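Take a look at the structure set out below.
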Amino acid sequence: MRCLFMVVALLLGSACSASAAEVVVHFSDAQGHAVNDAVLMLTPDTGTTANPSAAPPATYIIDQRDETFIPYVQVLRPGDKVVFRNSDSTRHHVYSFAAIKTFEFVLRPGESSPALSMDQAGVAAVGCNIHDHMATYLFVSAVSAVAMSSHDGYARLDRLAPGRYTAHVWHPQLHPGRAEPIQSVIIAGDADTVQLSFTLSLLPDPRMFMDREHLDY
Amino acid sequence: MMRCAWWFCLLGSAVCPSLVFAQDVDLHAYIDGRLVAAPGETSWTKGGLGKTRFGDGGTDAQFGGAGLVGTAQLTPALLALGEIQFQTTDRPTVSVIEAYVRYRPVSLSRWRWSVQVGAFLPPISLENDAIGWTSPWTLTPSAINSWVGEELRVIGAEGRVEWRGDANTWELHSALFRRNDPAGDLLADRGWSLSDLTSGLGSRLREPDEAGSGSSPAHRYDPFQNIGSRIGWYANLDWRAAGLGRISLMRYDNRADPTAHTESGVFAWHTWFTSMGASTDTGPIRWIAQVMDGATVIEPVDGMQFKTRFRSAFLLAGWNRGNWRPALRIEHFSTHDGRSEAGIPQGEHGNAVTAALNWRPRDWLRLTAEVLRIDSVRMQRADVGLSPASMLTQVQLGIRLIY
């Protein structure tokens, strides 16, 4: 029912603005469950541009609560910054050995890291050296049309110009080494709403949430 | 008990001066109670040859055990952990299951190393990853991991190197240790058991009365002591791949001097084995398999060695259904004793099936119903007038409160 409302709302929104097209993508897993934290990128196949935005660099907070990074995936543009905040009552040792950025911060309870500029495109997996079950992913992309699916599995890109595109998908639980899920997208008119769906084959969630029975030291 | 106290002091001296500065001190605990319909045969924990933890028939309430786990993250790289348990099976005992300090500095490359010093369990079990070295799948661990909990403990230092790839992770553990010289005694004198009675520093293990100095008094020994001066080792290679599973391969050798013994007659059993484990998930089903093949030997008289080969394997299927978690395990075990009496080879062979249903209605509560059936043949039983073949069924209803 909620999905229906969203689709209707999207269609109404499109009709009202009528100034640009949009793409609505639904992500589900092999069992048909909605998939959140899937990153959708739309790249033009030819010289068509995808309404590039020149937004100034932003700063995002990656929180740590109940020994869990929040959010699980953060989409950034090159030049954006992240701040790691520790909202737990325990210490965390945030680090990454990603090719695009290596860093480490020891954060006491209530402490935040200095702003960290992410200048290169790519993915940085971030962990905690004290709590190995914690993980978050910084997805840095220079593609202008990028969005992430929410808990209902929907991701939306709007203000798109007519043309041929390719929809690319990334998710932290996609099988490494397998071909990236892609689909061709054709936007015929300014007011078009194109709907796509992706069924993703995902690995189990690598995070282990707090459980009294499993101490994980 | 003196040694137990000594370990408490050692842990305390390592931890207490730093507690003032430690920001991360955690305490976890559990207490376990059972209603047990026991098989008629006397349990090995009472000096009999029964392979289950409980015996002598009847249906009674039993104390499963209680434990306390304390951790202190002394620095971002330095963790101290101590785990004590209280048991009343055999006799009331407080013992230290594990007590160690781990140094694991952060690494900004795919490689990460760490070192762990103290007393800890070798990384063999793929079942026992829950509080108190218990299994989240069953109350009773497999024969392999029952023995690991009874007689194996690393009292020494382990180095670990990890390589963390995008698709898989490799870990190499290698340790040097002492004070595990009696390991193997139970497998030779009693054979395999299926029991969740994990021993610790301070525990005394009971041998079957018939194999000890006589039917009475009870013959007990400290499984974690030095007999001789040799240093043992193990190496373990572990491979994990997201979506595929995990494979673990270990070689263990306590290098005990088989001629050495204490004044009270506890021998150093030279024990070595190869252990392999694998686990994988197919949808909500977790599959766990382990295999162990090894031998233990003593030489009570010059040139006269008594060697016991031991083998076991199991396959467990556990179904993750949220709060409900059914599990089924089948296994085989055997020992082969080089000695033979009247031309009859000594040793044992048997099979076991364990079916369990776990329910976690609350994070702090676990309820388990378990049926364990063991079908085995052990020639030693004929020495005391028992049929070599035995079929035991143990039914347990367990309640575990977890803090």
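The values are calculated or read from the model by the stated rules, or taken from the named source; none is laboratory data. None of these values were measured; they are calculated from a predicted model. Heads up, the Cβs are rebuilt from the backbone with ideal geometry, glycines too, and the neighbour counts pull from every protein chain shown.
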Worksheet item: Regarding A:Ala99, is this residue surrounded by fewer than 15 Cβ atoms within 10 Å (Cβ to Cβ), in the same structural domain as A:Asp66 (by TED's automatic domain parsing) and either under 17 Å from A:Val73 (Cβ atoms) or in contact with a Gly (Cβ under 9 Å, 6 or more places away or on another chain) (or both)?
Response: yes
Discussion item. Quick check on this structure: which one of A:Asp152, A:Asp158 is part of a strand (DSSP E or B) and under 17 Å from the mean Cα position of the chain (by Cα)?
Written reply: A:Asp158
Worksheet item: When you scan segment A:175-214, how many residues do you find that are at pLDDT 95 or above, over 19 Å from A:Ala145 (Cβ atoms) and not hydroxyl-bearing (Ser, Thr, Tyr)?
Response: 1
Worksheet item: Which of the residues that make up segment B:67-93 are outside any strand (DSSP E or B) and of a type in the set (A, V, I, L, M, F, W, C)?
Response: B:Ala77
Item to complete: Go through segment A:170-217 residue by residue and tally those that are away from chain B (no Cβ under 14 Å), of a type in the set (S, T, N, Q) and either surrounded by 13 or more Cβ atoms within 10 Å (Cβ to Cβ) or part of a loop (DSSP other than H, G, I, E, B) (or both).
Response: 4
Item to complete: Go through (1) facing chain B (nearest Cβ under 9 Å); (2) modelled with pLDDT of 95 or more and name the single condition A:Thr90 misses.
Response: (2)
Discussion item. Of everything in segment A:162-177, what is under 19 Å from the mean Cα position of the chain (by Cα) and farther than 14 Å from A:Gln195 by Cα? Give them in sequence order.
Written reply: A:His168, A:Val169, A:Trp170, A:His171, A:Pro172, A:Gln173, A:Leu174, A:His175, A:Pro176
Worksheet item: Which of the residues belonging to segment B:159-178 are among the charged types (D, E, K, R) and away from chain A (no Cβ under 14 Å)?
Response: B:Arg178
Practice prompt. Looking only at segment B:232-256, count how many residues are outside any strand (DSSP E or B) and either free of Cβ contacts under 8 Å to residues at least 60 places away in the same chain or within 14 Å of chain A (Cβ to nearest Cβ) (or both).
Written response: 4
Practice prompt. Please name all residue pairs, on different chains or six or more residues apart, with Cβ atoms under 8 Å, provided the first residue is in segment A:130-153 and is under 12 Å from A:Ala38 (Cβ atoms) and within 14 Å of chain B (Cβ to nearest Cβ) and the second residue is in a strand (DSSP E or B) and of a type in the set (S, T, N, Q).
Written response: A:Tyr137/A:Gln74
Worksheet item: Do we have B:Gly156 as in a strand (DSSP E or B) and within 27 Å of B:Ala66 (Cα to Cα) here?
Response: yes
